[in-house]
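One structure below.
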Amino acid sequence: MFNYISNSEATELLFKAIKIHRYLKLTSESTEQNINLQTRFRQIGVQLQNYTHPINDAVAVEQIPLKIRRCFVRAVMLLTRYPQLGGQQTGGTYKSQIVSSYRHDSIPNFWYEADMVAKLCRLFQLSSQYAKDIKHLLTQIDRQIARQQQIIQALTNEFNRVSHQKDVLRLFQSLFGDVTIPETSINCLTTKMQIAFVIDYHKDRLQEEYLWQNLSPPEQQTISCLFNKISQFSWQQFARFPSFGYVKAPSIDSQLLQRLVNVTGYNKSEIVKAIATSVTVVATERAESFLLHDIWGHYWQSILTQFSNDYTYLSQIDRDLNLDSSVKTTTGIISLQQLFRYQNGVVNLNKPLAQKFFHSAAKKRLQSLSTHLIGEMLADINEYKWLSQNYDSQDLLLSTRESPFEDKWNMLSDREHFLPSTSYFKDFPTKLDLTIQDLEFLYLPLFETLIKLPLSSLETELINKFQIKDRDILSSLRLAISDLNQTFITEYIKQDRSKYNQLILKLLRFQTLLNKLYTKPHKNTHIPFQDLIILFVGNYYCPNFEQDIASLNLALANYFFPCWLLLKKISLN
């Protein structure tokens with residue numbers, strides 16, 4: 001049994017953990033103090049697993065909320081497309097034993113039968129119209145998968161299926177421009193949906209010193225520039241979710257692009273998007289971890305969830321606000337220009353409306369950031385799954401010990417050389433330290449364009465909008481802009497710590513609940529369980545259902561397992 005802990009206990013432990021994590025990030029020395037802190041950090045992480053909800057068992061179908069039943073049925077049917085989106089290696093010169101040996105949950109053949117959706121809807125008391133909606137969704141997804149596979153196949157066919165390193169280099173240069181890399185330093189792995197270049201580099205240079213020295217200074221500079229771009233964070237990378245890659249339209253060889261148009265029948269923008277969102281570059285030294293994380297962990301999220309919308313939003317988060325910037329509120333859409341009133345020769349700020357604008361914008365940004373953090377957790381789970389598959393999975397996943405994680409720590413750590421990880425929680429499905437790290441890194445930049453307004457450009461826009469020429473009116477306009485800036489800063493300061501604390505506590509409870517549910521003992525069955533959990537999470541956290549972490553937590557705790565138990569009835573009929 002779990003010894004559940006309270007909000008106040010969890011808060012105290014969590015912020016102790018954050019304090020230790022911040023210190024450990026500043027030093028890599030293996031001192032006795034640091035080793036003790038690492039041990040303490042891990043102990044706190046284990047204690048925090050008790051900050052969770054109890055998981056319900058059987059619940060009558062009519063007691064399960066409608067939107068949860070709908071989401072569960074949607075997840076079941078989308079899971080039938082999941083295997084195609086990760087996939088075994090189909091080509092390339094880099095052979096990944098981990099990607100190829102990863103095993104998704106086995107999906108029963110009858111799930112692919114034409115009447116499966118109707119059976120599910122009857123079982124979960126859903127309308128026939130909803131069954132039609134799910135079938136329509138599956139048709140759209142099948143088209144999307146077929147398009148992606150056709151484009152990737154046409155692309156690799158142009159380069160002899162990238163079966164030799166010289167072909168890999170030609171493909172790389174066709175996508176990234178004239179970058180001189182020794183053939184022996186570059187490989188690639190392809191699936192039906194994705195291409196991953198694996199380059200033997202570290203930081204901003206090739207690993208092999210003699211190969212690096214054989215390059216001319218201009219060639220070294222070009223390569224270093226590329227590697228630096230790969231290692232530097234930018235919000236724009238989110239536009240290329242799920243690969244977060246570095247291919248952009250201008251760098252793709254125009255003749256290649258035209259040949260792909262001719263072969264596939266798709267237009268240039270469709271082909272560029274397919275390539276930009278599915279091509280990635282990883283360093284050889286960390287290739288196995290990143291390939292598993294991206295190929296099996298992230299790619300499905302782009303097609304089987306609505307995460308792409310939030311990633312598109314995040315990719316534009318660093319753009320300066322202008323008068324056309326708008327937010328959606330409970331009472332409608334508000335644009336920035338609506339915050340200013342020009343009346344009787346004076347420009348004033350509508351402060352209550354400005355406050356509403358800020359909090360609506362902040363809420364949207366936090367929701368979108370949460371999508372990213374949840375997406376990373378779901379991808380991390382795949383690493384845990386691979387590790388568990390390479391031991392006695394019954395002992396690992398069906399443990400009945402009170403803490404199913406602590407006893408596995410040493411055993412899983414022994415295999416780190418197979419799947420390297422920077423986390424202290426390799427034996428947990430989700431990684432508390434990596435979530436803390438992501439949140440700490442992204443939280444402040446998330447609000448930067450809200451609290452650092454482009455005062456000069458806003459002034460110019462408002463002058464043109466209100467046709468202001470009088471000096472006195474201009475003074476009132478500048479004062480109104482200053483009031484807006486101060487209002488946003490004040491509202492940010494008032495909400496900063498409380499919003500951060502609320503978010504990280506919700507994420508913590510989500511993590512612990514996901515760890516608990518993912519490793520929940522259940523009778524051996526041919527009905528998918530673990531993969532269905534991640535599909536359910538990915539679909540429930542969206543505007544169509546509940547884009548709120550607390551609601552997601554309750555849905556998982558109270559109703560996922562009961563829905564899964566009901567699902568088993570179909571296989572018995």
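Of Leu85, Leu126, all but one fail to be farther than 26 Å from Thr184 by Cβ and not in a helix (DSSP H, G or I); the exception is Leu126.
Here the condition is being over 30 Å from Leu444 (Cα atoms), polar (S, T, N, Q) and surrounded by fewer than 17 Cβ atoms within 10 Å (Cβ to Cβ); of Ser254, Ser231, it holds for Ser254 alone. None of Tyr94, Tyr102 is touching a Cys at 6+ places or on another chain (Cβ under 7 Å), open to solvent by less than 80 Å² (accessible area, probe 1.4 Å) and assigned by the TED database to the domain that holds Tyr201 except Tyr94. The combined condition, being in a helix (DSSP H, G or I) and of a type outside the set (Lys, Arg), is not fulfilled by Phe545. Selection of first residues in the range 221-239 that are farther than 23 Å from Gln306 by Cβ and of second residues that are β-branched (Val, Ile, Thr) and open to solvent by less than 70 Å² (accessible area, probe 1.4 Å), restricted to Cβ pairs under 6 Å at least 6 apart or on distinct chains, gives the following pairs, ordered by first then second residue: Thr222/Val179; Leu226/Val179; Ile230/Val281. Looking only at the range 184-191, decide whether some residue is in a loop (DSSP other than H, G, I, E, B), in contact (Cβ under 8 Å) with a residue 12 or more places away in the chain and open to solvent by less than 40 Å² (accessible area, probe 1.4 Å). So far as the range 184-191 goes, yes, one or more of its residues are in a loop (DSSP other than H, G, I, E, B), in contact (Cβ under 8 Å) with a residue 12 or more places away in the chain and open to solvent by less than 40 Å² (accessible area, probe 1.4 Å). Does the range 510-545 hold any residues that are open to solvent by 30 Å² or more (accessible area, probe 1.4 Å) and either among the hydroxyl-bearing types (Ser, Thr, Tyr) or touching a His at 6+ places or on another chain (Cβ under 7 Å) (or both), and which are they? The one that is open to solvent by 30 Å² or more (accessible area, probe 1.4 Å) and either among the hydroxyl-bearing types (Ser, Thr, Tyr) or touching a His at 6+ places or on another chain (Cβ under 7 Å) (or both): Thr525. Just checking, which of Ile55, Ile5, Ile107, Ile98 is assigned to a helix (DSSP H, G or I) and among the β-branched types (Val, Ile, Thr)? Result of the check over Ile55, Ile5, Ile107, Ile98: Ile98.
When Asp472, Asp483 are checked against the criterion of being acidic (Asp, Glu), open to solvent by 20 Å² or more (accessible area, probe 1.4 Å), modelled with pLDDT under 95 and not assigned by the TED database to the domain that holds Leu78, a single residue qualifies: Asp472. Would you confirm, using the coordinates I've provided, whether Arg497 is without any contact (Cβ under 8 Å) to a residue 24 or more places away in the chain, open to solvent by 30 Å² or more (accessible area, probe 1.4 Å) and either part of a helix (DSSP H, G or I) or not assigned by the TED database to the domain that holds Ser234 (or both)? So Arg497 fits the description; yes. Quick one: count up the residues across the range 2-13 that are farther than 16 Å from Gln502 by Cβ and either of a type in the set (D, E, K, R) or crowded, with 16+ Cβ neighbours inside 10 Å (or both). So the answer is 3.
Only a single item in (1) in the same structural domain as Lys465 (by the TED database); (2) outside any helix (DSSP H, G or I); (3) in contact (Cβ under 8 Å) with a residue 40 or more places away in the chain is not met by Ile333, and it is number (3). Note on the range 356-378: residues that are touching a residue at least 40 places away in the same chain (Cβ under 8 Å) and open to solvent by 10 Å² or more (accessible area, probe 1.4 Å) total 7.
Is it true that some residue in the range 152-172 is in contact with a helix residue (DSSP H, G or I) (Cβ under 6 Å, 6 or more places away or on another chain) and among the charged types (D, E, K, R)? Yes: one or more hits. Among residues of the range 14-39 being touching a residue at least 24 places away in the same chain (Cβ under 8 Å) and more than 26 Å from the chain's Cα centre (by Cα), the one that is most open to solvent (accessible area, probe 1.4 Å) is Lys16. For the range 437-489, a residue qualifies if it is hydrophobic (A, V, I, L, M, F, W, C) and within 20 Å of Gly345 (Cβ to Cβ), and the qualifying residues are Leu458, Leu462, Ile463, Phe466, Ile468, Ile473, Leu474, Leu477, Leu479, Ala480, Ile481, Leu484.
Residue selection: Asp178 satisfies the criterion of being open to solvent by 10 Å² or more (accessible area, probe 1.4 Å) and in a loop (DSSP other than H, G, I, E, B). Within the bounds of the range 346-361, is there any residue that is in the same structural domain as Gln467 (by the TED database), modelled with pLDDT of 95 or more and within 22 Å of Gln236 (Cα to Cα)? Yes, because at least one residue in the range 346-361 is in the same structural domain as Gln467 (by the TED database), modelled with pLDDT of 95 or more and within 22 Å of Gln236 (Cα to Cα). Apart from one condition, Ala379 fits all of (1) assigned to a helix (DSSP H, G or I); (2) more than 23 Å from Phe290 (Cα to Cα); the exception is (2).
Condition check for Phe244 on (1) farther than 28 Å from Gly375 by Cβ; (2) of a type in the set (Phe, Trp, Tyr); (3) part of a loop (DSSP other than H, G, I, E, B): one failure, at (1). Tell me yes or no: at least one residue of the range 323-330 is surrounded by fewer than 17 Cβ atoms within 10 Å (Cβ to Cβ), farther than 19 Å from Ser368 by Cβ and at pLDDT below 95. No - not one qualifying residue is present in the range 323-330.
The values are calculated or read from the model by the stated rules, or taken from the named source; none is laboratory data. This structure is a prediction, so every number in the text was calculated from the model and none was measured. Positions of Cβ are backbone-derived with ideal geometry, glycine not excepted, and every protein chain shown enters the neighbour counts. Only protein heavy atoms, including side chains, enter the accessible area calculation; ligands, DNA and RNA are left aside. Shrake-Rupley method; radii C 1.70, N 1.55, O 1.52, S 1.80 Å.
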